1. Checking B:Ser383 against (1) modelled with pLDDT under 95; (2) among the hydroxyl-bearing types (Ser, Thr, Tyr); (3) in contact with a strand residue (DSSP E or B) (Cβ under 6 Å, 6 or more places away or on another chain), only one condition comes out false. Which one?
2. Considering only the stretch B:94-103, I want to know if a residue exists there that is within 14 Å of chain A (Cβ to nearest Cβ), free of Cβ contacts under 8 Å to residues at least 12 places away in the same chain and of a type in the set (A, V, I, L, M, F, W, C).
3. All but one of (1) farther than 27 Å from B:Ala402 by Cα; (2) more than 8 Å from chain A (Cβ to nearest Cβ); (3) of a type in the set (Phe, Trp, Tyr) hold for B:Trp457, so report the exception by its number.
4. If you take the residues in the stretch B:281-301 that are of a type in the set (Gly, Ala, Ser) and surrounded by 21 or more Cβ atoms within 10 Å (Cβ to Cβ), which one is nearest to B:Glu108 (Cα to Cα)?
5. Confirm whether B:Ser477 is crowded, with 17+ Cβ neighbours inside 10 Å, hydroxyl-bearing (Ser, Thr, Tyr) and at the interface with chain A (Cβ under 8 Å from one of its Cβ atoms).
6. Taking the condition of a type outside the set (S, T, N, Q), buried (at least 20 other Cβ atoms within 10 Å of the Cβ), facing chain B (nearest Cβ under 7 Å) and assigned to a loop (DSSP other than H, G, I, E, B), does A:Cys464 pass?
7. Please tell me if A:Glu322 is over 30 Å from A:Glu97 (Cβ atoms) and among the charged types (D, E, K, R).
8. So how many residues does the stretch A:173-205 have that are under 20 Å from A:Gly44 (Cα atoms) and not β-branched (Val, Ile, Thr)?
There are 2 protein chains.
Amino acid sequence: MTTMTTMSISGTQLIGSQERLGLAGSFRAHSPLRGEALEPPFGGGDAADVEAACRLAEQAFDEFRKLLPERRAALLEAIAEGLLALGDTLLERAHLETALPLARLQGERQRTVNQLRLFADWLRAGQWQGARLDAALPERQPPRPDLRAQRIAIGPVAVFGASNFPLAFSVAGGDTASALAAGCPVVAKAHPAHPGTSELVGRVIQRAVAEAGLPAGVFSLLHDAGTALGQALVQHPAIQAVGFTGSRRGGLALQALAQARPQPIPVFAEMSAVNPVLLLPAALSARAETLAQGFVDSLTLGVGQFCTNPGLLIAVAGPALERFVAAAAQALATRAAGTLLTPGIQRAYQQGLEQLDAQPGVQRAAAGLAAEGAAQARLSRVSAPDFLANPLLQEECFGPSALLVSCRDAGELRAVLNALDGQLTATLQLDADDHPLAHQLLPLLERRAGRIIANGWPTGVEVCHAMVHGGPFPASSNAQHSSVGTLAMERFLRPVCYQGFPDALLPPALQEANPLQLHRQHEGIPRAPGR
Amino acid sequence: MTTMTTMSISGTQLIGSQERLGLAGSFRAHSPLRGEALEPPFGGGDAADVEAACRLAEQAFDEFRKLLPERRAALLEAIAEGLLALGDTLLERAHLETALPLARLQGERQRTVNQLRLFADWLRAGQWQGARLDAALPERQPPRPDLRAQRIAIGPVAVFGASNFPLAFSVAGGDTASALAAGCPVVAKAHPAHPGTSELVGRVIQRAVAEAGLPAGVFSLLHDAGTALGQALVQHPAIQAVGFTGSRRGGLALQALAQARPQPIPVFAEMSAVNPVLLLPAALSARAETLAQGFVDSLTLGVGQFCTNPGLLIAVAGPALERFVAAAAQALATRAAGTLLTPGIQRAYQQGLEQLDAQPGVQRAAAGLAAEGAAQARLSRVSAPDFLANPLLQEECFGPSALLVSCRDAGELRAVLNALDGQLTATLQLDADDHPLAHQLLPLLERRAGRIIANGWPTGVEVCHAMVHGGPFPASSNAQHSSVGTLAMERFLRPVCYQGFPDALLPPALQEANPLQLHRQHEGIPRAPGR
């Protein structure tokens, strides 16, 4: 198994159709399970590699964005097929590099494949083009010219893979899939925690691009164990947008670089969240034990390494809440400690727990089993006044740790919500008797989260049309966009208006005969094709 | 006339339902035509005024954004009625403050009114809500929950009025209209060049808000002759987005402030452009004289004080181009010098012309009549190599000045296009024989402009559904949005997803029965109401 895996991984970067070993320092992937470095070594790239990849992306851009949508849809489907065809080679390398269980990785692969196929379908459906037609009014004073608008690709996109989703948020993940769908070439920087997985996936994309007869610059994959290459990538003039999933520090650093460019560019960074879960009184009273079970399952899923991990519980104090805590303690008590993605994440988690323990008024409420070098699941608790007095308690502790904020009454609960930073998600556990309170709280939640969940748990992000994965700062750098689902494509499009154009010069989406058979908007009114 | 106008202007700020005289320095409007200060004095506001207006806006936000769209539509229509009801009072004050002719101001008022009514219609149409519904799939493994998304208002918006459109891009202009339509309270800062016009318009909005029974914080109007108040406004935590039309320096300063906030916010700044016009060979040869006439009319419209003023002509050298220059010179020769909006703009224009004259290879090609303290229209020319060597030549000289770049051949023309900064518009003058060349150039133009015009002139920005007024940096701070037309509303909306919600807790746009009768997207497929 190991031989087979390492055989197909060379440690080189993929720059267009070429391989190029990075010369700016060598690094190896680390196996969190084995505690040892993995073969082969990877060569970190430098500014010349960034220049080569970006120049190719720029050269590929006009041809790629102008393709009929069907061609890009076929490319995405070929990438999906290629990922599946890698079979166990991909899953086993990803398992070695991340310690994520094979079953989880299998699920993540399916999600990645489904995501590519969803964007292929969405490309064919065509609403993403946002075609709007306003006819000429030659009789009006002054006369109105014919005006037509559609969205076009923004330009080459830099994609930064996430540590916690080696497939779905990495080299062929949501950012790459939506950028390619939009018509944007991608220059991806592999996450150094799973460079082998990244190379395997990158080779699938490289081959799909070649087999589709597309310009080689449509995709490149670069390596660096540090931050210099990523910085050069964001600063390169050919790059027109950035997709990033990771820490707040990392996202803000890229954002600052992008803003300081001679031509600033948008950074779509999905950063951090504690994803508050509100246990409303009637629901808590009716089913404290079931809620506790659901909470512990969500908290410990993937050793808590999800951006939607439920890190904050909020409830009104009382006997029902004590039943919840007791049941959570019982459920947690038998949960084994889990191996985190990297030693760095393990250290940060340990420090996060110690910092939490040291905060005024914070008590341990429940814990999972402990093990050396592994992450013990943890539920802490604090009163609302202590929470409100201490902004540190809103910081994400990446891993299976949650904090329960116990409120005296609904007024304190509202005060806690009012103090919350922006979030990816907010969850309401509620029964019919909770509806009046939920009605009052909803406006607060809408302002603070991109997704609001009723009677579910935040982990598990469906890839579909109505998904919003994003949210007010600091959950993401741009609350007006989603990084999951078909909405994600809008990050990489911009509108262009064509005024008074001869039909022959219009792009197909806007031609009078509607050759792409699009749903289009005429004078603001949606019209199905052929009607 | 003057008495009537000054009687209704008090020089106070409008903070919610209150009047509050600013105490941080007094200033007067200046009449560019009379060369004298106008009554009454205006009191500049301070941080306390910003705090009061923003706190009210924050308090009004949830009620305002949750209104049924019909209520906000009625508010916009009432504002439109109120503007018309001001009659000559408004036009005469605006004329005094800006020197813009009454006929032009009449047109601008109509545009402002039409714009408010268009957003009212668009509110009722409802596609702005972007409703997306993906049904639950309980049988799937894992089961899919019900997911529904819509766009909601982003929060209170700061609006900075523009000097060159005292009505259409000022207190009740496109930014305010689209923000109010989206459900965002507005705190407007009046442009100090037309504070009286601003107050008259502000009072109309203030009255409309009161008569509609809406919370007073939906609208406030602040004054400041300097920049301190605007800075405090952008930094106020209640403000969630900024709309700005003006200079690049001003836009970038606000953008930097907005990014440096603890919670960064988006700035939608429409800044500067030279709006290249390409005279393609066949068109130039067929109708050089007609093109010259159209160009001079567009250049001198409103004394060149439009963000879409055609400041750059690009053409291949030859006899046809010389015919164009000769005809333009003849048409310009009889154009009177015009009074610019402010003495500051007049000074900057004069300096801009002097700077242009001093650049290597730049020659005067044609000029209008000169007059002391007024703007002489000017056409300069330069060779493509000299243009390419000098980035200064891409800078906007706000006023009736244009530069003709003369290219040796189509290759040089492409090189000039490739070197251009982002633009609001790009124009192609072309005949059938120019189509092959236009096909080659279009990809370059699409990447550099928000609107591409065939056989028209860039001045005259239609307010409709397909308009895009924006463009790649530095034309605007965000190329993904438009500041004119119904697309402008999207700047002030963000998507929110509701997962597994009981119907009773869903917002109306997403309820199963579709009570707002919206066009909605089901599983990615558009569906008309009732179908």
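1. Answer for B:Ser383: the failing condition is (1).
2. Checking the stretch B:94-103: at least one residue is within 14 Å of chain A (Cβ to nearest Cβ), free of Cβ contacts under 8 Å to residues at least 12 places away in the same chain and of a type in the set (A, V, I, L, M, F, W, C).
3. Condition not satisfied by B:Trp457: (1).
4. Restricting attention to the stretch B:281-301, the residues satisfying the condition of being of a type in the set (Gly, Ala, Ser) are B:282-283, B:285-286, B:288, B:292, B:294, B:298.
Right, trim to surrounded by 21 or more Cβ atoms within 10 Å (Cβ to Cβ) and you get B:283, B:288, B:292, B:298.
Working: B:Ala283: 32, B:Ala288: 31, B:Ala292: 26, B:Ser298: 16 Å.
Among residues in the stretch B:281-301 that are of a type in the set (Gly, Ala, Ser) and surrounded by 21 or more Cβ atoms within 10 Å (Cβ to Cβ), the one nearest to B:Glu108 (Cα to Cα) is B:Ser298.
5. Details: crowded, with 17+ Cβ neighbours inside 10 Å: yes; hydroxyl-bearing (Ser, Thr, Tyr): yes; at the interface with chain A (Cβ under 8 Å from one of its Cβ atoms): yes.
In short, yes.
6. On the way: of a type outside the set (S, T, N, Q): yes; buried (at least 20 other Cβ atoms within 10 Å of the Cβ): yes; facing chain B (nearest Cβ under 7 Å): yes; assigned to a loop (DSSP other than H, G, I, E, B): yes.
The answer is yes for A:Cys464.
7. The answer is yes for A:Glu322.
8. Within the stretch A:173-205, residues that are under 20 Å from A:Gly44 (Cα atoms) and not β-branched (Val, Ile, Thr) number 14.
The values are calculated or read from the model by the stated rules, or taken from the named source; none is laboratory data. Keep in mind that this is a model prediction, so the values were computed, not measured. All Cβ positions, even for glycine, are placed from backbone atoms using ideal geometry, and neighbour counts span all protein chains on display.
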